[in-house]
1. Which residue, chosen from 15, 55, 39, occupies the Cα position most advanced towards the positive end of the dipole of the stretch 14-55, where the dipole is computed from +1 (Lys, Arg) and -1 (Asp, Glu) charges on Cβ about the Cα centre?
2. Could you tell me whether the stretch 10-49 comes out rounded, prolate or oblate from its Cα gyration tensor? Rule is a ≥ b ≥ c as square roots of the eigenvalues, rounded for a/c under 1.5, then prolate if a/b exceeds b/c, otherwise oblate.
3. Please give the length that would be gained between residue 37 and residue 12 if that part of the chain were fully extended, namely 0.36 nm times their separation in residues minus their C-alpha to C-alpha distance (nm, one decimal).
4. I want the local charge near residue 38. Using Cβ-Cβ distances under 15 Å, sum +1 for each Lys or Arg and -1 for each Asp or Glu among the other residues.
5. Rounded to a whole number, what % of the accessible area of the stretch 1-60 do carbon and sulfur atoms account for, probe 1.4 Å?
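The values are calculated or read from the model by the stated rules, or taken from the named source; none is laboratory data. Remember, predicted model here, so these are calculated numbers, not experimental data. Glycine also receives a Cβ, built like all others from the backbone with ideal geometry; neighbour counts cover every protein chain displayed. Ligands, DNA and RNA are excluded from the accessible area calculation, which covers all protein heavy atoms including side chains. Shrake-Rupley method; radii C 1.70, N 1.55, O 1.52, S 1.80 Å.
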Amino acid sequence: MAPQRDGWSIDVRVTETLLIEVSRDGGIERVSITLEQKSGQVARLRVRAKDGVKIRPPKMAKEPALG
């Protein structure tokens, strides 16, 4: 992983999972992102999060991703 001013650049292999933990209201919310499949410049990601977490695909994102 290499730190960037606008976030992290992370190399991930197929089946590897990136885990994101966010502290909120005394608890920790976890989001996991798994690279399921890659073909050329397209990758299939599986994102798992609690019901209260909003997940917006790139075409529907109204806000830029936070890094």
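1. In the stretch 14-55, that residue is 39.
2. It is prolate, given that a/c is not under 1.5 and a/b is the larger ratio.
3. 7.9 nm
4. Within the 15 Å Cβ shell, the charges total 0.
5. Answer for the stretch 1-60: carbon and sulfur cover 48 percent of the accessible area.
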